[in-house]
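Visitor: First, the structure itself, so that you have it in front of you.
The values are calculated or read from the model by the stated rules, or taken from the named source; none is laboratory data. None of the values given here were measured: they were computed from a predicted structure. Every residue, glycine as well, gets a Cβ built from its backbone with ideal geometry; the counts of neighbours run over all protein chains shown.
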Amino acid sequence: MSVTPLPLSVPDALRTTLPTDRELVMRVMPMPGDANANGDIFGGWIMAQVDLAGAVLPARIAKGRITTVAVNEFVFKQPVSMGDLLSFYASVTRVGRTSVTVHVEVYAERNPADLHVVKVTQANLTYVAIDGAGKPRPIPGSKPD
């Protein structure tokens, strides 16, 4: 499949390809056990996946153990259905002395025969670097807040 970047001004509703201007940190397909009685994927399952995906870049930056300390924003834009292939893209929005804030966007690839891509979720999360005792520690190379 050829991926052509879209200008940033293209609304997500018109997107037919996955983004190329962010880092792909995770890809997963929900299973039947992740769906509710209506066949939609549980929001809590999506939140857990976003937390996992969101931790990838902060863990690299912190060079060690991190923990989620805040979900600053979480927006479900579209339902996720069985058969959707979810792609999680992350970008770092802030690095503090002990914390890293990340923006995560989730896109669903639907109907492979006539591919349609839709943004289903976006979130902002903050992670804190911690030591072996679970106490905040400075991020290597960080500057004071």
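Visitor: Are there any pairs, at least 6 apart or on different chains, whose C-beta atoms fall under 7 Å, with the first in the range 119-134 and crowded, with 18+ Cβ neighbours inside 10 Å and the second in a strand (DSSP E or B) and of a type in the set (Gly, Ala, Ser), and if so, which?
Guide: Qualifying pairs under 7 Å: 120/108; 125/70; 126/70; 126/99; 127/99; 128/99.
Visitor: Could you check, for the range 18-31, whether at least one of its residues is in contact with a Phe, Trp or Tyr (Cβ under 9 Å, 6 or more places away or on another chain), closer than 29 Å to residue 137 by Cα, in contact (Cβ under 8 Å) with a residue 60 or more places away in the chain and not in a strand (DSSP E or B)?
Guide: Yes, the range 18-31 has at least one match.
Visitor: Here is a follow-up. Please tell me if residue 24 is surrounded by 13 or more Cβ atoms within 10 Å (Cβ to Cβ) and at pLDDT 95 or above.
Guide: Judged against the criteria, residue 24 is a match.
Visitor: Also: Of the residues 18, 57, 52, 24, only one is under 13 Å from residue 120 (Cβ atoms) and in contact with a strand residue (DSSP E or B) (Cβ under 8 Å, 6 or more places away or on another chain); which?
Guide: Selected residue: 18, the only one of 18, 57, 52, 24 that is under 13 Å from residue 120 (Cβ atoms) and in contact with a strand residue (DSSP E or B) (Cβ under 8 Å, 6 or more places away or on another chain).
Visitor: A further question on this structure: Would you call residue 97 surrounded by fewer than 16 Cβ atoms within 10 Å (Cβ to Cβ), touching a residue at least 24 places away in the same chain (Cβ under 8 Å) and under 11 Å from the mean Cα position of the chain (by Cα)?
Guide: Criteria not met by residue 97.
Visitor: Residues of the range 55-74 being among the polar types (S, T, N, Q) and closer than 16 Å to residue 103 by Cβ, which ones?
Guide: 68, 72
Visitor: So for the range 103-111 (the condition being among the acidic types (Asp, Glu) and either surrounded by 14 or more Cβ atoms within 10 Å (Cβ to Cβ) or at pLDDT 95 or above (or both)), does at least one residue qualify?
Guide: Yes, because at least one residue in the range 103-111 is among the acidic types (Asp, Glu) and either surrounded by 14 or more Cβ atoms within 10 Å (Cβ to Cβ) or at pLDDT 95 or above (or both).
Visitor: When the residues of the range 75-87 are filtered to those that are out of contact with any Ser or Thr (no Cβ under 9 Å at 6 or more places or on another chain) and among the hydrophobic types (A, V, I, L, M, F, W, C), which remaining residue is surrounded by the fewest Cβ atoms within 10 Å (Cβ to Cβ)?
Guide: That would be 82.
Visitor: Here is a follow-up. Filter the range 135-145 down to the residues that are of a type in the set (Lys, Arg) and exposed (fewer than 13 other Cβ atoms within 10 Å of the Cβ), then identify the one that is modelled with the lowest pLDDT.
Guide: Result: 143.
Each row is one residue, and each column tells you yes or no for (1) over 26 Å from residue 137 (Cβ atoms); (2) assigned to a strand (DSSP E or B).
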site	(1), (2)
33	yes, no
52	no, no
59	no, no
68	no, yes
